[in-house]
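The values are calculated or read from the model by the stated rules, or taken from the named source; none is laboratory data. All of these numbers come straight from a predicted model, not from anything done at the bench. Reconstructed Cβ throughout: ideal geometry from the backbone, glycine too, with neighbour counts over all protein chains shown.
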Amino acid sequence: MGDARLLHPAKPVIHFDTQHLHDLLVDMRDTMQALNGVGLAAPQIGVGLRVVIFGVQHSPRYPDVEGVPETVLINPVITPLGEAMEEDWEGCLSVPGLRGLVPRHAHIRYQGMDEYGEPIDRSVSGFHARVVQHECDHLDGILYPMRIRDMSKFGYTEELFPGKEILDE
């Protein structure tokens, strides 16, 4: 948090299935896995392209959430499906040690491309929808604290959840 690159909108990917794109995805996967994340956006590693990756099958950090398929999502478009919003706690690899209660659309449709230029079109809800919205916010220069409505629900993880080991997303 504080790095200016995280506050600028990312540029669309124009060319797919290139060595540059595949190398970027390897770097993103390695970074996400090394930090035990469930998602990562290219701007988080200093690359201003509209690329996100996400996915989790089982995580000790999120033992009660449904699995999210491992996905490469490029040039995403998110469409809310209805007015329902849900608040839940979020953290972020770019905002280490902090958590906040963040409102997100409960049901969304996301569309985009994979690394080969093949279309992706999914309608999701729950944790899957939250992860996609969180990661795609990074592409528009938005960090989750900017979405918090009640700043009394934002703070250091060890203060908000004493005695629990909770890692950043």
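Values as computed for the structure displayed
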| item | result |
| --- | --- |
| Filtered residues of segment 1-45 (kept if without any contact (Cβ under 8 Å) to a residue 24 or more places away in the chain, surrounded by fewer than 12 Cβ atoms within 10 Å (Cβ to Cβ) and part of a loop (DSSP other than H, G, I, E, B)) | G2, I14, H15 |
| Members of segment 98-151 that are more than 22 Å from V13 (Cβ to Cβ), in contact with a helix residue (DSSP H, G or I) (Cβ under 8 Å, 6 or more places away or on another chain) and hydroxyl-bearing (S, T, Y) | Y144 |
| Exclusive hit being among the β-branched types (V, I, T), touching a helix residue (DSSP H, G or I) at 6+ places or on another chain (Cβ under 6 Å) and at pLDDT below 95, set V65, V56 | V65 |
| Residue count for segment 114-133, restricted to those that are within 17 Å of V51 (Cα to Cα) and either free of Cβ contacts under 8 Å to residues at least 24 places away in the same chain or β-branched (V, I, T) (or both) | 7 |
| Of residues in segment 76-135 being of a type in the set (S, T, Y) and in a loop (DSSP other than H, G, I, E, B), the one modelled with the highest pLDDT | Y116 |
